[in-house]
Amino acid sequence: MKNGYFGKYGGCYVPAEIKTELDELYSQYIALKKSKAFRDELNYLRKYYQGRPTPLYYCKKLSETTGGAKIYLKREDLNHTGAHKINHCIGEALLAKHMGKSKIIAETGAGQHGLAIATVCALMDIKCEIHMGAVDIKKQKINVEKMKLLGADIVEVTDGDGTLKDAVDSALNSYLNNYKDALYCIGSAVGPHPFPTLVKEFQSVIGKETKAQIKRAQSRLPDYVVACVGGGSNAIGIFDAFIKNSEVKLIGVEALGKGKAIGDNSATVNYGEEDIYQGYRSKVLKTPDGKVSDAYSVASGLDYPAVGPEHSYLNEIGRVQYVTVDDKQALDAFYALSRTEGIIPALESAHAVAYAIELAKRLDKDKIIIANLSGRGDKDVEYIIENLS
Ligand SMILES: *Cc1c(COP(=O)(O)O)cnc(C)c1O
């Protein structure tokens with residue numbers, strides 16, 4: 001990253017007063033990450049509140065039934081709140097506290113980011129304002145109730161389609177009017193600089209642990225690291241530690257949903273076009289008449305019509321390969337992992353598992369694949385029962 005750019009991607013395309021505020025946020029972060037008190041507090045919470053380090057688990061049965069390479073899972077599903085998102089939420093909330101902000105503003109789609117941020121706000125006595133589309137509020141009742149239970153204020157967004165992208169606009173607007181007292185906390189490695197870098201650095205704990213754990217288990221680095229990509233935070237979090245090790249192949253798995261047609265998938269790196277969206281330059285899914293397309297995936301955490309700028313860059317320089325997995329393949333992996341290992345994965349994470357299984361079949365038994373299990377599947381069980389059984 002140089003001045004907020006990854007190659008030509010990234011940047012900070014926002015009104016001048018917000019840019020000043022975001023520059024200030026970045027310099028405070030740079031100062032704070034050198035502070036021992038800040039690092040100690042972060043490490044303490046990671047260990048005793050969140051449950052880190054998360055295990056790196058060898059799927060013996062899954063590997064044997066697949067009949068090829070060894071499959072390991074990095075168990076981010078075992079974090080408090082059930083997914084990797086709390087890694088950067090704890091970081092962002094600590095940052096807010098140290099900057100003297102009394103409030104955090106965030107948006108949420110499926111409710112997973114909202115839930116993680118509401119959790120840490122409760123812990124740290126920070127006011128929490130979550131913007132959520134009216135349609136999503138109806139769909140995600142349990143998460144909405146949990147956020148209220150944790151003390152968050154939910155702002156119902158009725159503009160537009162009442163979904164995630166309208167919630168982002170609404171949250172940004174609220175931040176514009178409140179930036180002296182509030183910090184905006186983004187849900188993935190997206191948005192204007194410095195958010196992609198902040199989120200990556202807080203998420204990079206995943207890759208650091210994984211690297212040490214696989215060296216301990218196998219005395220060498222893995223051949224492949226596989227992660228699902230929505231905005232790209234869990235993927236960049238596990239990739240970052242391996243980017244310099246060119247012998248480790250890195251694979252980002254995008255959601256192909258129902259197919260290749262625009263509107264049927266969320267595979268932005270594969271099918272998107274370069275543009276500026278929500279304050280940063282990256283790849284974006286566009287309709288033929290040049291509007292931002294709706295994204296679709298069975299996994300609601302993946303259906304975002306853009307992607308973090310660093311992924312557009314890593315694709316361009318060829319360091320990460322971006323592949324696709326469709327709804328059906330993800331669901332098959334959801335069942336397979338549940339049955340063989342007793343682990344119910346999030347539908348998002350099932351995309352990474354699906355690709356790891358396909359890859360393992362083509363490789364020799366001495367090869368090692370690590371898939372990032374970004375979250376647990378409890379949140380998806382109701383959907384599975386209603387729609388698929
Ligand atoms: C939100 C979410 C994702 C997608 O977000 P990224 O920023 O791409 O990681 C993936 N898995 C789970 C479990 C999620 O909750």
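Taking the residues in the stretch 220-263 that are over 15 Å from residue 312 (Cα atoms) and of a type in the set (Asp, Glu) as candidates, determine which candidate is nearest to the ligand (Cβ to nearest atom).
Within the stretch 220-263, the match that is nearest to the ligand (Cβ to nearest atom) is 223.
Go through the stretch 88-137 and report how many residues are of a type in the set (Asp, Glu) and over 16 Å from residue 172 (Cβ atoms).
Total satisfying the criteria: 2.
Any idea which residue in the stretch 174-197 is nearest to the ligand (Cβ to nearest atom), counting only those that are under 19 Å from residue 304 (Cβ atoms) and out of contact with any strand residue (DSSP E or B) (no Cβ under 7 Å at 6 or more places or on another chain)?
188
Select from the stretch 138-170 the residues that are under 30 Å from residue 5 (Cβ atoms) and more than 16 Å from the ligand (Cβ to nearest atom) and write down the one among them that is surrounded by the fewest Cβ atoms within 10 Å (Cβ to Cβ).
160
In the stretch 140-156, how many residues are part of a strand (DSSP E or B) and modelled with pLDDT under 95?
0
Which pairs have Cβ atoms under 7 Å, sit 6 or more apart or on different chains, and link a residue in the stretch 216-240 that is more than 18 Å from residue 323 (Cβ to Cβ) to one that is β-branched (Val, Ile, Thr)?
Short answer, once both residue conditions are applied: 218/368; 221/214; 221/248; 233/199; 237/206.
Have a look at 89, 59 and point out the one that is under 15 Å from residue 352 (Cα atoms) and of a type outside the set (D, E, K, R).
Just one listed residue meets the conditions, 59.
Which is over 20 Å from residue 11 (Cα atoms), part of a helix (DSSP H, G or I) and either β-branched (Val, Ile, Thr) or out of contact with any Leu (no Cβ under 8 Å at 6 or more places or on another chain) (or both), of 251, 262, 238?
Answer to the selection: 238.
Tell me, which residue of the stretch 345-382 that is under 17 Å from residue 77 (Cβ atoms) and surrounded by fewer than 18 Cβ atoms within 10 Å (Cβ to Cβ) is farthest from the ligand (Cβ to nearest atom)?
Looking at residues that are under 17 Å from residue 77 (Cβ atoms) and surrounded by fewer than 18 Cβ atoms within 10 Å (Cβ to Cβ), I get 381.
Given the conditions (1) touching a residue at least 60 places away in the same chain (Cβ under 8 Å); (2) surrounded by 17 or more Cβ atoms within 10 Å (Cβ to Cβ); (3) of a type outside the set (Phe, Trp, Tyr); (4) farther than 21 Å from residue 211 by Cβ, report the number of the one that residue 67 does not fulfil.
It fails just one condition, (2).
Can you spot a residue in the stretch 71-78 that is on the phi > 0 side of the Ramachandran plot and within 16 Å of the ligand (Cβ to nearest atom)?
No, every residue in the stretch 71-78 fails to be on the phi > 0 side of the Ramachandran plot and within 16 Å of the ligand (Cβ to nearest atom).
Taking the stretch 99-139 as the region of interest, how many residues are among the polar types (S, T, N, Q) and either assigned to a strand (DSSP E or B) or within 19 Å of residue 179 (Cα to Cα) (or both)?
2
A quick yes/no check of all residues on (1) over 20 Å from residue 5 (Cα atoms); (2) in contact (Cβ under 8 Å) with a residue 40 or more places away in the chain; (3) surrounded by 22 or more Cβ atoms within 10 Å (Cβ to Cβ); (4) in contact with a Leu (Cβ under 6 Å, 6 or more places away or on another chain):
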site: 271; (1), (2), (3), (4): yes, no, no, no
site: 276; (1), (2), (3), (4): no, yes, no, no
site: 280; (1), (2), (3), (4): no, yes, yes, no
site: 287; (1), (2), (3), (4): yes, no, no, no
site: 301; (1), (2), (3), (4): yes, yes, yes, no
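Quick check on the stretch 95-118. Is at least one of its residues on the phi > 0 side of the Ramachandran plot and within 16 Å of the ligand (Cβ to nearest atom)?
For the stretch 95-118, residues on the phi > 0 side of the Ramachandran plot and within 16 Å of the ligand (Cβ to nearest atom): present.
What number of residues within the stretch 284-322 are of a type outside the set (Asp, Glu), more than 14 Å from the ligand (Cβ to nearest atom) and either more than 29 Å from residue 246 (Cα to Cα) or assigned to a strand (DSSP E or B) (or both)?
Summing the residues that are of a type outside the set (Asp, Glu), more than 14 Å from the ligand (Cβ to nearest atom) and either more than 29 Å from residue 246 (Cα to Cα) or assigned to a strand (DSSP E or B) (or both) in the stretch 284-322 gives 11.
Give the number of residues within the stretch 323-353 that are among the β-branched types (Val, Ile, Thr) and assigned to a helix (DSSP H, G or I).
The total comes to 2.
State which residue pairs qualify: first residue under 18 Å from residue 186 (Cβ atoms) and inside the stretch 128-155, second residue outside any strand (DSSP E or B) and polar (S, T, N, Q) in any location, beta carbons under 7 Å apart, and separation of 6 or more residues or different chains.
129/174; 131/170; 131/174; 133/163; 136/163; 155/170
Could you say which residue among 339, 376 is under 16 Å from the mean Cα position of the chain (by Cα) and modelled with pLDDT of 95 or more?
376
The values are calculated or read from the model by the stated rules, or taken from the named source; none is laboratory data. Everything quoted here is computed from the prediction, not taken from an experiment. Virtual Cβ from ideal backbone geometry, glycine too; neighbours counted across all protein chains shown.
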